[in-house]
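Read the figures in this text as sums done on the coordinates, not as results from a lab. In this text, all values refer to a predicted model and were calculated from it rather than measured experimentally. In this analysis, Cβ positions are derived from the backbone assuming ideal geometry, glycine residues included, and neighbour counts consider all displayed protein chains.
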């Protein structure tokens, strides 16, 4: 983790779902922020004790004191004050606000909060102004925050609209240096899938260059999220995707992912690579997998990219950089082995890396815009080039282990520059 130790700063967290709660766990453990202020935006349960009940236990990660101290841990939530909405969690004061959902009405300035992590997934258009009826990310700035970090990719209402100058997407270990504290006030931490994918693609681009990678595709076998239904439900008016309303407990569900679009924001070389991304939701609570397929154009030398070469690239990337968020293993894993694995954006399972080289036939006569002088013999326009297809498997804990820990590092790195 980046620089543990008290900063004298307070952290604001907007939203208290899966990522919001685990973000509080992360920063309570880290002890970088002196106080955490969480905006729930509504009443919860019948008292503050019900919020404490939600804080201290988790169906995926167990008890908070077990997360902090293992099997010898003792309960760490206490000093509940209903009037102020505060409690002390392992020595860290945490205040819960339960009144305003619109970021502009939260009043961060009243709590001396200058840095906010928005985990709601609701305010993702950095262009939207303060007059938006449902609220916007910029409302946090109007409410007193100086910086806002979103725990999801940007979603511009109008795709042709240019990204505002004060907004940036970063992933730790990939392009975190793109953040400019003098200019950027709204920072997207991308998504769990994009984070894993970026750490799988970047070593390949660094090793081969984007010109050698003809195309790539990925499918994420993704754990369930809060946007899905436990039991089948009639879709809301205007909803075209009927599958997310089917029970995640009983089905494998095809869905979409914005990972391909977000990846181009953090790795510009991806603009030169034909790329497509798909997603499949499965009935597990956390622990996901990316299956990455790349097609590499080979030189006619006879020395082609092999399984061992691919694995060496990842092995060396993981070993040579002490700040790397990549982990390489030759062991055989299942999704449960990844849950909670700390500070790992992607776990490459080298045991399952596969490559296959074959010749691809290309008819030059069918290539638009090709100079006819190239076709010296019109009767023989077909050329054959060697192409290697590589299949690479990357695990990630889409909640705590990968994404929330990476989000925590991004949060602290921004706080250190404030």
**Prompt:** Roughly speaking, what is the centre-to-centre gap between segment 261-295 and segment 22-97 when only Cα atoms are used, to the nearest Å?
**Reply:** 34 Å
**Message:** Under the rule a/c < 1.5 gives rounded, and otherwise a/b versus b/c splits prolate from oblate, where does segment 295-418 land using the Cα gyration tensor?
**Reply:** prolate
**Message:** Output the 0 to 90 degree angle, nearest 10, between the alpha-carbon long axis of helix 18-30 and the longest principal axis computed from the alpha carbons of the chain.
**Reply:** 70 degrees
**Message:** Can you say what percent of the DSSP beta bridges in segment 1-145, counting only those with both residues inside, are antiparallel? Round to 5.
**Reply:** 40 percent
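Could you rank the peptides 160-169, 9-18 by their average count of other C-beta atoms within 10 Å per residue, with the highest value first?
On the way: 160-169: 14.3, 9-18: 23.5.
Highest to lowest by the protection proxy: 9-18, 160-169.
Let me know the shape class of segment 193-399, please: from the alpha-carbon gyration tensor, a ≥ b ≥ c as square roots of the eigenvalues, rounded when a/c is under 1.5, otherwise prolate if a/b is greater than b/c, or oblate. Walk me through the numbers before you get to the answer.
Numbers: a/c = 2.50, a/b = 1.47, b/c = 1.70.
In terms of gyration-tensor shape, oblate.
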**Request:** Considering only 85, 70, 302, give the residue with the highest GNM mean-square fluctuation for the chain, with springs between Cα atoms whenever their separation is below 10 Å.
**Result:** 302
**Prompt:** P(r) of segment 163-290 in 10 Å steps, Cα pairs, percent per bin?
**Reply:** 12, 34, 30, 20, 4
**Request:** Please order 118, 90 by the number of other Cβ within 10 Å, starting at the fewest.
**Result:** 90, 118
**Asked** What is the pair-distance distribution P(r) of segment 312-359, computed from all Cα-Cα distances in 10 Å bins starting at 0, with each bin given as a whole percent?
**Response** 23, 49, 22, 6, 0
**Request:** Measure nothing but the geometry: give the 0 to 90° angle between the long axis through the Cα atoms of 307-320 and the longest principal axis through the Cα atoms of the chain, rounded to 10°.
**Result:** 40 degrees
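So for the chain, Kirkwood radius off the Cα pairs, Stokes-Einstein at 25 °C and 0.890 mPa s: how many µm² s⁻¹? Before the final figure, lay out each step's value.
Working: Rh = 23.2 Å.
Roughly 106 µm²/s, to the nearest whole number.
Of the DSSP beta bridges with both residues in the chain, give the percent that are antiparallel, rounding to the nearest 5. Please report the intermediate quantities before stating the final value.
On the way: 42 of 80 bridges.
Bridges in the chain that DSSP calls antiparallel: roughly 50 percent.
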**Item:** Helix 405-415 axis, angle to the chain major axis (alpha carbon atoms, nearest 10°)
**Value:** 70 degrees
**Asked** For segment 137-155, list residues with backbone N below 19 Å from a point placed 7 Å from the Cα of residue 161 toward its Cβ?
**Response** 137-143, 148-155
**Request:** Determine, for 304, 325, 179, 314, the number of other Cβ atoms within 10 Å of each Cβ, and report the residues in order from fewest to most.
**Result:** 304, 179, 325, 314
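Ratio to report: Rg/Rh of segment 47-169, with Cα atoms as the point set and Rh obtained by the Kirkwood method; give two decimals. Don't jump to the answer; show the numbers that get you there.
Numbers: Rg = 17.6 Å, Rh = 16.7 Å.
A ratio of 1.06.
Shape verdict for segment 1-118, please, from the Cα gyration tensor: rounded (a/c under 1.5), prolate (a/b greater than b/c) or oblate.
Values: a/c = 1.70, a/b = 1.23, b/c = 1.39.
Oblate, because a/c is 1.5 or more while a/b does not exceed b/c.
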**Item:** Ranked list, fewest to most other Cβ atoms within 10 Å of each Cβ, for 239, 261
**Value:** 239, 261
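Using helices alone, I'd like the mean residue ellipticity at 222 nm for the chain: each DSSP H run of four-plus residues gives -39500 (n - 2.57), total over residue count, nearest 500. Can you show the working numbers first?
Details: 8 runs with 82 residues, N = 418.
That calculation yields -6000 deg cm²/dmol at 222 nm.
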